[in-house]
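Engineer: Quick one: the structure is below, questions incoming.
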Amino acid sequence: MDWTLITIIVLVAVALLFDFTNGFHDAANSVGTVVATRALPAKWAPAFSAFFNFMALFVVGTAVASTVGKTVKEEFASEAVIFAALFAAIAWNYITWYIGMPSSSSHAIIGGLVGAGLAAGGLSAISWSSVQKAAIGIVASPLVAFTIAFILMYVVFLVQKIFKLHDDHGSFKGLQLVSAAALSFGHGANDAQKTMGVIGALLLGAGYTTSEGKNIALPLWVELAAYSAIALGTLWGGWKIIETMGMKITTLHANSGAAANIGASTAIFGATALGAPISTTQAAASSVVGAGVSSGKGANWKVVGEMVTAWIFTIPFAAALAFGMFWLTQLPTVLAWVAVGVVVVAFGSWVIWAMRNTIHAADVEAEIPSEEELAEFDQDPTPHLKGSPPVV
């Protein structure tokens, strides 16, 4: 029996589970604004986003995948390292999803790979040029997204003034749908490749594929599996984070929702073209803040502060968790199986409970403010000064 092949198959399945968590964790990036402004019914929004997630397969290349796949040098990218990194990233995604906190799957997987790589071979095990490329994208993307959304709101206001359009005019809702489709496409294009990169590193380390210059040669089945898994995750929803992104950061109208989506899409497409694995969550959340501030609705700075805190802790938490999980796999054979098994079963049991007891589309839709409630809020300047959108 080829235990190496069996191990590879199991780890590919774990990688696709991470991809699934990425999909539902980051679904809010694409559909949070269209759900909040009723541009699209909540029950249809995940399917809309999932379709465009998968369509990216037929257009984009694999530059991001190669960047992620080379975070840990080939000679150190063992099965134990990949497992530890994936477990850490999956755990962080589920924990932050459970509390409804938009955080970065990109940070989680990069942190996991760095932590597991350090445990396996120290500083020399990490390709710091790949980490640097990811770090630049992670820092730049929220700044770019915020700035574009902030400036774009003034362009939108000018258009409204010329054509005498109200904030929730049908034209803006149409633009929201187009920009949400682009954002969903960009999410699939950038984030599915992160899983492809992890699987590529696994196959490369085990000798099942080769490296062609700067790029890992990825079989077609890897691309199909990764894009399918992220689309299925998006289809499932992840409604706690959709609730946060759409309704707890700022008060969105169709005009500001469109500006936010365009700001995030621009940052994501730019990074994907450069092969940088950026945080689509950071780009989307930052653009929502930018549009909210520029539109005069302000932002809920308490929620923004919690998000930024989560962003700061993602990499060190994932790295520490991956470091610890790797060392559990290095215990004497029986102890390793027992220790890892106990952790995985305990965590898996909690995940099943959490997924069975979460909120769904109908719950979020019931919380969306009506047009009358939004109009009442817009006439009261006090919340704007505090930067706190209404919680209905």
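The values are calculated or read from the model by the stated rules, or taken from the named source; none is laboratory data. Here the structure is a predicted model, which is why all the values come from computation and not from measurement. Cβ coordinates were reconstructed from backbone atoms using ideal geometry, including for glycine residues, and neighbour counts include every protein chain displayed.
Listed here are the residues, each with its yes/no results for (1) of a type outside the set (D, E, K, R); (2) within 30 Å of Ser171 (Cβ to Cβ); (3) within 23 Å of the chain's Cα centre (by Cα).
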{"position": "Ser103", "(1), (2), (3)": "yes, no, yes"}
{"position": "Ser106", "(1), (2), (3)": "yes, no, yes"}
{"position": "Gly111", "(1), (2), (3)": "yes, no, yes"}
{"position": "Gly115", "(1), (2), (3)": "yes, no, yes"}
{"position": "Gly121", "(1), (2), (3)": "yes, no, no"}
{"position": "Ser124", "(1), (2), (3)": "yes, no, no"}
{"position": "Ile148", "(1), (2), (3)": "yes, yes, yes"}
{"position": "Val155", "(1), (2), (3)": "yes, yes, no"}
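Engineer: Trp311 - would you say it is of a type in the set (Phe, Trp, Tyr) and in contact with a Ser or Thr (Cβ under 8 Å, 6 or more places away or on another chain)?
Structural biologist: Working: of a type in the set (Phe, Trp, Tyr): yes; in contact with a Ser or Thr (Cβ under 8 Å, 6 or more places away or on another chain): yes.
Considered against the rule, which asks whether it is of a type in the set (Phe, Trp, Tyr) and in contact with a Ser or Thr (Cβ under 8 Å, 6 or more places away or on another chain), Trp311 comes out as yes.
Engineer: Test each condition in (1) of a type in the set (A, V, I, L, M, F, W, C); (2) crowded, with 19+ Cβ neighbours inside 10 Å; (3) at pLDDT 90 or above for Ile9 and report the one that comes out false.
Structural biologist: (2)
Engineer: Regarding segment 295-308, can at least one residue be identified that is out of contact with any Asp or Glu (no Cβ under 8 Å at 6 or more places or on another chain), over 30 Å from Thr251 (Cβ atoms), in a helix (DSSP H, G or I) and at pLDDT below 95?
Structural biologist: Within segment 295-308 (the criterion being out of contact with any Asp or Glu (no Cβ under 8 Å at 6 or more places or on another chain), over 30 Å from Thr251 (Cβ atoms), in a helix (DSSP H, G or I) and at pLDDT below 95), the answer is no, since none of the residues qualifies.
Engineer: Between residues in segment 154-174 that are part of a helix (DSSP H, G or I) and residues that are of a type in the set (Asp, Glu), which pairs lie under 8 Å by C-beta distance while being six or more apart or on different chains?
Structural biologist: The qualifying pairs are Gln160/Asp167.
Engineer: Has segment 260-273 got at least one residue that is under 19 Å from the mean Cα position of the chain (by Cα) and farther than 18 Å from Ser30 by Cβ? Can you show your working first?
Structural biologist: Pass one, segment 260-273, residues under 19 Å from the mean Cα position of the chain (by Cα): 260-273.
Now narrow it down to the ones that are farther than 18 Å from Ser30 by Cβ: 273.
Yes - at least one qualifying residue is present in segment 260-273.
Okay, residues lined up against (1) polar (S, T, N, Q); (2) touching a Leu at 6+ places or on another chain (Cβ under 6 Å); (3) at pLDDT 90 or above:
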residue: Phe317; (1), (2), (3): no, no, yes
residue: Gly324; (1), (2), (3): no, no, yes
residue: Trp327; (1), (2), (3): no, no, yes
residue: Leu331; (1), (2), (3): no, no, yes
residue: Val338; (1), (2), (3): no, no, yes
residue: Thr358; (1), (2), (3): yes, no, no
residue: Ala361; (1), (2), (3): no, no, no
residue: Glu376; (1), (2), (3): no, no, no
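Engineer: Restricting attention to segment 26-49, report how many residues are buried (at least 22 other Cβ atoms within 10 Å of the Cβ) and within 20 Å of Gly100 (Cα to Cα).
Structural biologist: 16
Engineer: Consider Thr67 carefully, then state whether it is among the hydroxyl-bearing types (Ser, Thr, Tyr), under 26 Å from Phe326 (Cβ atoms) and part of a helix (DSSP H, G or I). Give the derivation first.
Structural biologist: Working: among the hydroxyl-bearing types (Ser, Thr, Tyr): yes; under 26 Å from Phe326 (Cβ atoms): yes; part of a helix (DSSP H, G or I): yes.
So Thr67 passes the test.
Engineer: Restricting to segment 178-221, count the residues that are more than 19 Å from Leu113 (Cα to Cα) and β-branched (Val, Ile, Thr).
Structural biologist: Count: 3.
Table: residues versus (1) touching a residue at least 24 places away in the same chain (Cβ under 8 Å); (2) part of a helix (DSSP H, G or I); (3) under 28 Å from the mean Cα position of the chain (by Cα); (4) surrounded by 13 or more Cβ atoms within 10 Å (Cβ to Cβ).
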position	(1), (2), (3), (4)
Ala320	yes, yes, yes, yes
Val334	no, yes, no, no
Ala339	no, yes, no, yes
Val344	yes, yes, yes, yes
Phe347	yes, yes, yes, yes
Ile359	yes, no, yes, yes
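Engineer: Does segment 229-241 contain any residue that is aromatic (Phe, Trp, Tyr), surrounded by fewer than 24 Cβ atoms within 10 Å (Cβ to Cβ) and over 21 Å from Met55 (Cα atoms)? Quick ask: steps written out before the conclusion?
Structural biologist: The first filter runs over segment 229-241 and keeps only residues aromatic (Phe, Trp, Tyr), leaving 236, 239.
Now restrict to residues that are surrounded by fewer than 24 Cβ atoms within 10 Å (Cβ to Cβ): 236.
Next, only the ones that are over 21 Å from Met55 (Cα atoms) stay: none.
Within segment 229-241, not a single residue is aromatic (Phe, Trp, Tyr), surrounded by fewer than 24 Cβ atoms within 10 Å (Cβ to Cβ) and over 21 Å from Met55 (Cα atoms).
Engineer: Looking only at segment 265-309, which residues are closer than 25 Å to Thr67 by Cβ, of a type outside the set (Val, Ile, Thr) and in contact with a His (Cβ under 9 Å, 6 or more places away or on another chain)?
Structural biologist: To start, the set of residues in segment 265-309 that are closer than 25 Å to Thr67 by Cβ comprises 265-287, 307-308.
With the extra rule that they be of a type outside the set (Val, Ile, Thr), the set shrinks to 265, 267, 269-271, 273-277, 279, 282-287, 307.
Of everything in segment 265-309, those that are closer than 25 Å to Thr67 by Cβ, of a type outside the set (Val, Ile, Thr) and in contact with a His (Cβ under 9 Å, 6 or more places away or on another chain) turn out to be Ser279, Gln282, Ala284.
Engineer: Which of (1) crowded, with 24+ Cβ neighbours inside 10 Å; (2) in a loop (DSSP other than H, G, I, E, B); (3) at pLDDT below 85 does Pro102 not meet, given it meets every other one?
Structural biologist: Evaluating Pro102 over (1) crowded, with 24+ Cβ neighbours inside 10 Å; (2) in a loop (DSSP other than H, G, I, E, B); (3) at pLDDT below 85 leaves (3) as the failure.
Engineer: Kindly indicate whether Lys161 is surrounded by fewer than 19 Cβ atoms within 10 Å (Cβ to Cβ) and of a type in the set (D, E, K, R).
Structural biologist: yes
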